[in-house]
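Trainee: Shown below is the structure under consideration.
The values are calculated or read from the model by the stated rules, or taken from the named source; none is laboratory data. Quick caveat, the model's predicted, so the values are computed rather than measured. Cβ: placed from backbone, ideal geometry, glycine included. Neighbour counts: every protein chain shown.
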Amino acid sequence: MIAPGDAVRVSVPATSANLGPGFDSLGLALDLYDEYRAEVTAQPGVVVESVGHGADSLPTDGDHLVARSLLAALDRFGVSQPPGLRLRCENVIPQSRGLGSSAAAIVGGVLLGAELAGAADPSALVALASEIEGHPDNVAAALLGGLTVSWTEDDGAGRAIGLEVLPQVTPVVFVPETSSPTAAARQALPESVTHRDAAFNAGRSALMVAALTRDPGLLVPASDDRLHQRQRRSTYPDSLRLVEELRVAGWAAAISGAGPTVLVLTHRAEDAAAVARHEVPGFRPWVMRVGRGGLATRIGDTRS
Ligand code: HSE
């Protein structure tokens with residue numbers, strides 16, 4: 001039972017999906033967080049106030065992705081819909097850049113709804129957030145933090161396991177000025193791939209898990225891909241050129257998620273600084289750290 005005056009807030013990290021070979025399965029949380037706050041109101045209807053990225057273009061009513069995800073979570077956890085809701089979203093994660101801003105909104109809404117409903121089963125949260133997003137890799141990392149391996153069960157449910165990344169691993173991202181929608185990048189994928197390429201990616205994907213958790217000296221071979229990056233070149237030509245240049249120079253570069261941000265995984269402080277010194281017109285280099293998972297806190301409670 002939730003009532004007017006109940007309020008929760010959550011912070012949710014940006015994420016980088018795929019990490020090169022792990023298409024729709026590997027994800028990494030980055031230490032850049034959106035903050036969302038929800039309050040149950042007696043006034044009927046949903047009102048959303050957004051600040052930061054996308055503030056001028058995002059819906060201000062129940063169509064907002066955080067609101068939809070919150071209401072879906074209440075529904076999933078058997079809690080009746082509130083009379084009204086007021087949401088405030090502070091959007092720090094750049095949008096439509098391959099840094100998981102929509103996954104953050106979904107995970108934020110799901111965590112807010114779960115906190116209001118008193119539900120806490122992480123696997124139910126991964127399954128619901130994956131269902132809303134359509135693939136589990138970003139939402140898994142946004143929920144669990146660190147490195148995640150996610151997969152989809154035969155019944156369609158998203159699942160994930162979280163792994164701790166070696167502390168010396170430092171992600172650097174090159175965020176472009178231009179955006180590119182994930183839907184277009186997914187449409188550019190071919191229907192089928194060769195057995196040789198599938199085998200290549202299976203090996204590199206497993207190697208990436210080993211590189212991030214055991215031996216970061218393997219990050220360069222571990223970040224190579226043959227399944228999706230070249231196939232989507234037309235949606236992010238400048239980004240793929242940058243990936244190729246950085247890889248020739250010896251860095252573990254890949255497209256971040258569906259692009260167009262470029263991710264470089266480094267494991268020595270001087271390397272992160274050296275990568276970030278690359279001046280690339282149209283891109284902003286940004287040294288990050290691995291992030292923690294989304295965290296919801298109750299800030300108002302009428303139950304007592
Ligand atoms: N794995 C997804 C893709 C990530 O590459 O399409 C989207 O952020």
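A quick yes/no check of all residues on (1) out of contact with any Asp or Glu (no Cβ under 8 Å at 6 or more places or on another chain); (2) more than 16 Å from the ligand (Cβ to nearest atom); (3) polar (S, T, N, Q):
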| site | (1), (2), (3) |
| --- | --- |
| 40 | no, yes, no |
| 44 | yes, yes, no |
| 88 | no, yes, no |
| 97 | yes, no, no |
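Trainee: For residue 226, all conditions in the list (1) part of a loop (DSSP other than H, G, I, E, B); (2) within 15 Å of the ligand (Cβ to nearest atom); (3) more than 14 Å from residue 254 (Cβ to Cβ) hold save one; what is the number of the exception?
Mentor: Here residue 226 clears every test but (3).
Trainee: Looking at the stretch 20-58 only, could you name the residues that are out of contact with any His (no Cβ under 7 Å at 6 or more places or on another chain), closer than 30 Å to residue 220 by Cβ and either among the acidic types (Asp, Glu) or not assigned by TED's automatic domain parsing to the domain that holds residue 90 (or both)?
Mentor: Result: 31, single match.
Trainee: Right, here's the next one. Would you check if residue 17 is within 16 Å of the ligand (Cβ to nearest atom), among the small types (Gly, Ala, Ser), assigned to a helix (DSSP H, G or I) and under 30 Å from residue 264 (Cβ atoms)? Walk me through how you get there before you give the answer.
Mentor: Details: within 16 Å of the ligand (Cβ to nearest atom): yes; among the small types (Gly, Ala, Ser): yes; assigned to a helix (DSSP H, G or I): no; under 30 Å from residue 264 (Cβ atoms): yes.
No, not satisfied.
Trainee: Does residue 30 satisfy the criteria of being within 16 Å of the ligand (Cβ to nearest atom) and at positive phi?
Mentor: Numbers: within 16 Å of the ligand (Cβ to nearest atom): yes; at positive phi: no.
In short, no.
Trainee: Separate question: Going through the stretch 160-188 one residue at a time, which ones are of a type in the set (D, E, K, R) and either more than 16 Å from the ligand (Cβ to nearest atom) or within 15 Å of the chain's Cα centre (by Cα) (or both)?
Mentor: Result: 164, 177.
Trainee: Turning to a different aspect of this structure: Quick check, is residue 96 over 24 Å from residue 127 (Cβ atoms), of a type in the set (Gly, Ala, Ser), crowded, with 17+ Cβ neighbours inside 10 Å and modelled with pLDDT under 95? Don't jump to the end; show me each part of the working.
Mentor: Working: over 24 Å from residue 127 (Cβ atoms): yes; of a type in the set (Gly, Ala, Ser): yes; crowded, with 17+ Cβ neighbours inside 10 Å: yes; modelled with pLDDT under 95: yes.
Judged against the criteria, residue 96 is a match.
Trainee: Same structure again: Please indicate, with yes or no, whether at least one residue in the stretch 202-218 is over 20 Å from the mean Cα position of the chain (by Cα), small (Gly, Ala, Ser) and crowded, with 21+ Cβ neighbours inside 10 Å.
Mentor: Checked against the condition, which is being over 20 Å from the mean Cα position of the chain (by Cα), small (Gly, Ala, Ser) and crowded, with 21+ Cβ neighbours inside 10 Å, the stretch 202-218 yields at least one hit.
Trainee: Next question, about the same structure. Out of curiosity, is residue 61 free of Cβ contacts under 8 Å to residues at least 40 places away in the same chain, more than 16 Å from the ligand (Cβ to nearest atom) and assigned by TED's automatic domain parsing to the domain that holds residue 137?
Mentor: Yes; evaluated as a whole, the condition is true for this residue.
Trainee: Further, regarding this structure: Pick from the stretch 129-159 the residues that are away from the ligand (no atom under 16 Å from the Cβ) and acidic (Asp, Glu): which of them is nearest to residue 11 (Cα to Cα)?
Mentor: Once the filter is applied, the top-ranked residue is 153.
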